[in-house]
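Since the structure comes first, as structure tokens, the remarks are kept for the end.
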Amino acid sequence: MKLKDIVSKIDAKVVCGENWEDADIEFAFASDLMSDVLTLHCEKLLLITGLCNLQTIRTAEMSDIQHIVLVRNKKATQDMVELAEENDIVIIECPHSMFKAVGELYQTGLKPVF
Amino acid sequence: MQFVYEVEAGNFTKAGNASSDFKKVLKQLNVPPQIIKRTVIALYEGEVNIVAHSLGGKIECEITPDHVVINLIDVGPGIPDIEKAMQEGYSTASAAVREMGFGAGMGLSNMKRNTDSMHITSSKEDGTTVTLKINLT
């Protein structure tokens, strides 16, 4: 699934990253717990989280995750954006609850990691 | 080749700086991506542990043609029961650590899973040293 379709499906907004429209996403994982994210070994993964701090971006960097959706209307801080840009990570802000965002994306065919 | 990073206790803004830097080094050396990922995930978990649980410390990373060896060394206060600390789900993390998305009691076991060997020594007097080894061949 293309990232541009994901962004439009959950009424979200991309706040940083370039050439993101056609990025191909196959799997999604939703968690506020970075310890759980760090156990994943999966490519083409979208991270959906309500945890909005620098460690969200660090965790993505270490896990080679290039696309993050911040749910519950959380806004990325300037230092998060800078760190994301340094690592070619796309941050997407979504106004919906995690339950709603996940439900919408599951329906469109994004696959669970397990 | 050896790299040494100082790690500040409690500073979550800087947590991950060492892991990020060492990841760049491994990339420059053309280490295979899967090995880089395993290495930096274990290193990052260890770095967060020093920030979250210790009074500060340092990380020594050594690269040879055959392996990467990482020493995560802190100055205390030590792990009273290592066996218990290794159990998934067991954690002594503070509320502040949990707010950062950690403290689920997964760190040490995830470090073990991503490395070829892991050794922990710990005492009240000398603090904790975790040695990780990742084979490159």
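The values are calculated or read from the model by the stated rules, or taken from the named source; none is laboratory data. What you see is a predicted model, and the numbers here were worked out from it, not measured in a lab. Ideal geometry is used to build each Cβ from the backbone, glycine not excepted, and the neighbour counts take in all protein chains shown. Side chains included, ligands, DNA and RNA excluded: accessible areas come from the protein's heavy atoms. Shrake-Rupley method; radii C 1.70, N 1.55, O 1.52, S 1.80 Å.
Quick rundown of the values:
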| quantity | calculated |
| --- | --- |
| Area buried, chain B against chain A - accessible surface, total, 1.4 angstrom probe, square angstrom | 1900 |
| Listed residue (A:L70, B:A95, A:A101) projecting farthest to the positive dipole end of the protein assembly as shown, Cβ model | A:A101 |
| Length gained when the stretch B:Q28-B:E88 is fully extended (0.36 nm per residue, less Cα-Cα span) | 18.2 nm |
| Solvent-accessible area, 1.4 Å probe, carbon plus sulfur percent, for the protein assembly as shown | 50 |
| At R0 = 35 Å, FRET efficiency that the Cβ-Cβ distance of A:T77 and B:H119 yields, to 0.05 | 0.40 |
| Coordinate range along principal axes, alpha carbons of segment A:50-114, Å, largest first | 33, 24, 15 |
| Heavy-atom accessible area per residue - the protein assembly as shown, 1.4 Å, Å² | 47 |
| Per residue, the convex hull volume that the Cα atoms of chain A enclose (Å³) | 83 |
| Nearest 10 degrees, 0 to 90: helix B:17-28 Cα axis against chain B principal axis | 20 |
| Size of charge dipole - the protein assembly as shown - debye, nearest 20, with Cβ of Lys, Arg +1 and Asp, Glu -1, no other charges | 480 |
| Residue of A:I25, A:I68, A:I91 that the Gaussian network model of chain A assigns the largest fluctuation, springs spanning Cα pairs under 10 Å | A:I25 |
| Accessible surface ranking that places the most exposed of B:S94, B:S123, A:S35 first, with a 1.4 angstrom probe | B:S94, B:S123, A:S35 |
| Segments B:28-35, B:124-131, B:79-86, B:46-53 sorted - mean Cβ within 10 Å per residue, highest first | B:46-53, B:124-131, B:79-86, B:28-35 |
| √(5λ) per eigenvalue of the Cα gyration tensor, segment B:8-137, largest first, Å | 23, 16, 14 |
| Tensor-based shape of segment B:69-137 (alpha-carbon gyration tensor, a/c under 1.5 rounded, otherwise prolate or oblate) | oblate |
| Pairwise label distance in nanometres, A:F99 with A:K4, each label 7 Å out on the Cα-Cβ vector | 3.3 |
| Mean Cα-pair separation over length for segment A:11-114, i.e. relative contact order, pairs under 8 Å, 6 or more apart, % | 35 |
| Chain B, relative contact order [Cα under 8 Å, separation at least 6], % | 27 |
| Cross-link pairs A:K9/A:K100; B:K23/B:K133; B:K84/B:K112; A:K13/A:K75; A:K4/A:K74 - those with Cα-Cα distance over 18 Å | A:K4/A:K74 |
| The protein assembly as shown - convex hull of the alpha-carbon atoms, volume per residue in Å³ | 120 |
